[in-house]
1. Among 116, 63, what is the fewest-to-most ranking by other Cβ atoms within 10 Å?
2. List, in the order given, every pair from 137/185; 81/169; 81/185; 14/81; 51/185 whose Cα-Cα distance in the structure shown is over 22 Å.
3. When the dipole is taken about the Cα centre of the range 79-199, and only Lys, Arg (+1) and Asp, Glu (-1) are charged at their Cβ, what size is it in debye, to the nearest 20?
4. To check you understand DSSP bridge types, tell me what percent of the beta bridges within the range 2-85 (both residues inside) are antiparallel, rounded to 5.
5. Positive end of the charge dipole of the chain (Lys, Arg +1 and Asp, Glu -1 on Cβ, about the Cα centre): tell me which of 40, 132, 196 has its Cα farthest that way.
6. Quick check on packing: order 130-136, 108-114 by the mean number of other C-beta atoms within 10 Å, highest mean leading.
7. Determine the relative contact order of the range 90-196: mean sequence separation of Cα pairs under 8 Å and six or more apart, normalised by residue count, in whole percent.
8. Show me 193-199, 33-39 ranked by packing, highest mean number of other Cβ atoms within 10 Å first.
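None of the figures in this text is laboratory data; all of them are computed from the coordinates on show. Everything quoted here is computed from the prediction, not taken from an experiment. When we count neighbours, we look across all protein chains shown, and the Cβ atoms used for this are built from the backbone with ideal geometry, even at glycine.
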Amino acid sequence: MIDLYYWGTPNGLKITIALEEMELDYQVFPINILENDQFQPDFLRISPNNKIPAIVDQDGPNHQSISIFESGAILQYLGRKTELFYPKDEQSRVEVEQWLMWQMGGFGPMLGQNHHFSRFAPERIAYATDRYVNETKRLYKVLDQQLIGQDYVAGEYSIADMAIFPWVKRYEWQQINLEDYPNVKAYMERIEERPAVQKALAIQV
């Protein structure tokens, strides 16, 4: 059994998608980031950076419990644990990892800043908003180019797609018109049709 410490953010959705796709047993423990649950001592022992998601796998390596924070690390761990959606051969694995790191290091953080300055900042700061909207558009173009002639970013459906999809899901928050990125639009529709993704999207906390 895997304990998932979760809130309904793009990073949280990555892990529910993975758990559903990999058909792992899990239970959800809501961490309400709007009420600062992420700063509670019990949660900080699992996720010292006070961010969701985090997991505790009761049946980890050598049948010992293990806790993991950071969504990318969780995806890699689950991929290794199940041998699903994370190739074993080095060339294919590197292809998946570089797109996972692209999401973790650029796509997610830049879109997150876009969300903040476009929707939540107490005052509009034109320079900041324009900077992150423009960077968001650049990253969408990179993704659109990568999807030319293939269904998924690394060829086969993988943990990299599970990481990217939840952030594109909020494209309307980002001043993005998906019609400008036809390959991304088709990619989103393709992933959203997957039964496991539908189950993950239905989780309400």
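1. On the way: 116 13, 63 7.
Fewest-to-most Cβ neighbours within 10 Å comes out as 63, 116.
2. On the way: 137/185 14 Å; 81/169 27 Å; 81/185 31 Å; 14/81 16 Å; 51/185 29 Å.
Those over the limit are 81/169; 81/185; 51/185.
3. Values: 16 positive and 18 negative charges, 79 e Å.
In total the dipole reaches around 380 debye.
4. Numbers: 8 of 13 bridges.
Taking every DSSP beta bridge with both residues in the range 2-85, the antiparallel ones total about 60 percent.
5. Going by the charge dipole, the pick is 132.
6. On the way: 130-136: 17.1, 108-114: 20.0.
The most tightly packed comes first, giving 108-114, 130-136.
7. On the way: 87 pairs, mean separation 35.7, N = 107.
Relative contact order of the range 90-196: 33 percent.
8. Working: 193-199: 14.3, 33-39: 12.7.
Going from most to least packed, we get 193-199, 33-39.
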